[in-house]
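Chemist: Have a look at this one before I ask anything.
Any read-out appearing in this document is the output of simple, stated calculations on the displayed coordinates, not a laboratory observation. These figures come from a predicted structure and were not determined experimentally. Ideal geometry is used to build each Cβ from the backbone, glycine not excepted, and the neighbour counts take in all protein chains shown.
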Amino acid sequence: MVTALLDTAIVVDVLRRYPPAVAWLGQQGQLGISTVVWLEIIEGASDRQAEQNALLLLRRFERVETMTGDVDWAIRQLLRFHLSHGVDAMDCLIASVNQRMGVPLYTRNLKHFAPLLGDLARQPY
């Protein structure tokens, strides 16, 4: 059972072997990533080797699919927070899965995710 989900920035930190991220991840239980985060990580690969490294890391996490209700929630949040807080569509889609599941999202971007998720948006390190 997934106890929390990761935002793209956290996965990128682990891929880059950022020591606080690697240490923090080693202390966590079963974490997941949304389909949107999975796609963003693959899209960010600069070459085949980077893509393979990303795929190896992504296999460590349970992938949680985005559902129709998540998209509907994301649209409502985008209309509510895009202009006032600079929240973008991908932020809303990522947060929608956490909102549905009621589990924390570990992120370094509290500015965008706290308005969407309140206390479920948490900075891990």
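Chemist: Would you point out the residue of the stretch 8-54, among those that are of a type in the set (S, T, N, Q) and under 20 Å from Glu65 (Cα atoms), that is surrounded by the fewest Cβ atoms within 10 Å (Cβ to Cβ)?
Modeler: Among them, the one singled out is Gln30.
Chemist: Can you go through Met101, Met67 and tell me which one is within 22 Å of Met1 (Cβ to Cβ) and over 15 Å from the mean Cα position of the chain (by Cα)?
Modeler: Answer to the check: Met67.
Chemist: A follow-up question, please. Would you list the helices (runs of 4 or more DSSP H) that sit entirely within the stretch 7-125 and hold 2 or more residues that are free of Cβ contacts under 8 Å to residues at least 60 places away in the same chain and touching a strand residue (DSSP E or B) at 6+ places or on another chain (Cβ under 6 Å)?
Modeler: 110-117
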